[in-house]
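**Student:** Structure below; questions to follow.
The values are calculated or read from the model by the stated rules, or taken from the named source; none is laboratory data. Keep in mind that this is a model prediction, so the values were computed, not measured. No Cβ is skipped: glycine too gets one built from the backbone with ideal geometry, and neighbour counts run over all protein chains shown. Just the protein is used for accessible areas: all its heavy atoms, side chains included, with ligands, DNA and RNA removed. Shrake-Rupley method; radii C 1.70, N 1.55, O 1.52, S 1.80 Å.
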Amino acid sequence: MSRKRSSGKSGLLVLILLIAAAAAAFWGWQRYTGFADAPLAGTGADKSIVVVSGDSLPVVVRKLADAGVDTGEAIEWRLLAKQLGAAGKLQVGEYALPEGTTPRALLEAMRDGKVISHRFTIVEGWNIRELRAALAKAQPLEQETVTLDDAALMKAVGQAGQHPEGRFLPETYVYTRGDSDLDVLKRAHGAMAKALAAAWAERRSDTPLKTPDEMLALASIVEKETGIAEERPQIAGLFERRLKIGMKLQTDPTVIYGIGARYDGNIRKQDLLTDTPYNTYTRAGLPPTPIAMPGADALQAVAKPAPGEHLYFVAVGDGSGRHLFATTYAEHQANVRKYLQNYRNAQAKNAQ
């Protein structure tokens, strides 16, 4: 009888232990799953974490804590990383920590390398000084070219001896933390070389342009002369007709480029009379280099200029950015008078 009671007590104890173990396992599982999919406290739109080469999971968790993120227990991170196949496979890069980020989502991003993308835009019409100034301020780009002059810059790009003006295609370039300004420039240079080659291959058979470099120079002038897309082929055609008959281009943007950093926003008569390699009022033909970074549309406009007989153009003067075109000098003079009248009207209206 005592044996039966003893056996019964042992069975009951085992059952209690099993129930306790099951309850503990259930509690642990609930806690684990709650951790994995619960938003981390301390995240936010402006927060991120950077994983560098050699960072282990404990190091990453410590970085999260240093950033003010409530990380929970280390064992929970280890179990979750093992479950997700992320253990030992965290990829280098910068990861966003927006509000609502869960441990599961973060580890999956680190496992798959879903890093933050940054953007740098080269604006159509920028010159090399403006491009370099913008690059120097771009964050978080690593700075490798700040101390280089233009010649050393082009050597670093892999184009020693090439003038840098016009050689970088205006476009938005996506990069990640750890990339440098030189990385962006190399990509932009390659993109321009490709765009220029495509435009040169599509050029009209009767073009007066002899080389792709001449096409690039003319495209840079077209880019600076108008921001109106439909005008670009018209202006390209006008300049090509001038080149064919040996007429000076007489375009202000080239004079401004020749003035350089001394340009204060005004072109004076003396500027037009002062001879420089870029003064197309004193010298025939194209300037020795491009004067800005032309976009792909400007390149295509020069490759496929609009037909016509116009040889002159002047701004409308109403603030629209558009131009009046003329075939003869007499028509052009009439358009200049219209421009002056429109300009005066616009100034008077603004003064009211």
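**Student:** Pull out all pairs, ordered by first then second residue, where Cβ-Cβ is under 7 Å, the residues are six or more apart or on different chains, the first lies in the range 240-258 and is open to solvent by 50 Å² or more (accessible area, probe 1.4 Å), and the second is of a type in the set (Gly, Ala, Ser) and outside any helix (DSSP H, G or I).
**Tutor:** Gly246/Ala284; Lys248/Ala284
**Student:** Sticking with this one: Can we say Ala198 is assigned to a helix (DSSP H, G or I) and within 14 Å of the chain's Cα centre (by Cα)?
**Tutor:** no
**Student:** Within the range 260-272, track down each residue that is assigned to a loop (DSSP other than H, G, I, E, B) and either open to solvent by 50 Å² or more (accessible area, probe 1.4 Å) or among the charged types (D, E, K, R) (or both).
**Tutor:** Tyr263, Asp264, Asn266, Ile267, Arg268
**Student:** Now, a different point. Can you pull out the residues in the range 191-213 that are among the charged types (D, E, K, R) and either crowded, with 20+ Cβ neighbours inside 10 Å or out of contact with any helix residue (DSSP H, G or I) (no Cβ under 9 Å at 6 or more places or on another chain) (or both)?
**Tutor:** Lys194, Lys210
**Student:** Give, as residue ranges, the helices (runs of 4 or more DSSP H) completely inside the range 81-170 that count at least 1 residues that are over 27 Å from Glu223 (Cα atoms), open to solvent by 50 Å² or more (accessible area, probe 1.4 Å) and in contact (Cβ under 8 Å) with a residue 40 or more places away in the chain.
**Tutor:** In the range 81-170, the matching helices (runs of 4 or more DSSP H) lie at 103-112.
**Student:** Suppose the filter is open to solvent by 70 Å² or more (accessible area, probe 1.4 Å) and in a loop (DSSP other than H, G, I, E, B); does Asp275 pass it?
**Tutor:** Numbers: open to solvent by 70 Å² or more (accessible area, probe 1.4 Å): yes; in a loop (DSSP other than H, G, I, E, B): yes.
Judged against the criteria, Asp275 is a match.
**Student:** Still on this model: When the range 116-134 is examined, which residues are found to be more than 14 Å from Ala261 (Cβ to Cβ) and out of contact with any helix residue (DSSP H, G or I) (no Cβ under 7 Å at 6 or more places or on another chain)?
**Tutor:** Of everything in the range 116-134, those that are more than 14 Å from Ala261 (Cβ to Cβ) and out of contact with any helix residue (DSSP H, G or I) (no Cβ under 7 Å at 6 or more places or on another chain) turn out to be Ile116, Ser117, His118, Arg119, Thr121, Val123, Trp126, Leu131, Ala134.
**Student:** Moving on. Among the residues of the range 214-232, write down those that are over 21 Å from Ala193 (Cα atoms) and open to solvent by 40 Å² or more (accessible area, probe 1.4 Å).
**Tutor:** Gly227, Ala229, Glu230
**Student:** Is it true that some residue in the range 230-246 is farther than 16 Å from Ala296 by Cβ, of a type in the set (A, V, I, L, M) and not in a helix (DSSP H, G or I)?
**Tutor:** no
**Student:** Contact list please: Cβ distance under 6 Å, first residue in the range 315-338 and without any contact (Cβ under 8 Å) to a residue 24 or more places away in the chain, second residue among the polar types (S, T, N, Q), pairs at least six apart or on different chains.
**Tutor:** As it stands, the answer is Leu324/Asn335; Ala326/Asn335, since those pairs meet every condition given.
**Student:** For the range 306-333, give me the residue count where each residue is part of a loop (DSSP other than H, G, I, E, B) and out of contact with any His (no Cβ under 9 Å at 6 or more places or on another chain).
**Tutor:** Result for the range 306-333: 12.
**Student:** So the check is Cβ under 6 Å with 6+ separation or different chains; which pairs have a first residue in the range 219-237 that's polar (S, T, N, Q) and a second one that's open to solvent by less than 10 Å² (accessible area, probe 1.4 Å) and assigned to a helix (DSSP H, G or I)?
**Tutor:** Qualifying pairs under 6 Å: Thr226/Ile235.
**Student:** To continue, here is another question. Which one of Tyr263, Tyr257, Tyr278 is aromatic (Phe, Trp, Tyr) and at pLDDT below 95? Quick ask: steps written out before the conclusion?
**Tutor:** Numbers: Tyr257 fails: at pLDDT below 95; Tyr278 fails: at pLDDT below 95.
Result: Tyr263 is the single residue among Tyr263, Tyr257, Tyr278 that is aromatic (Phe, Trp, Tyr) and at pLDDT below 95.
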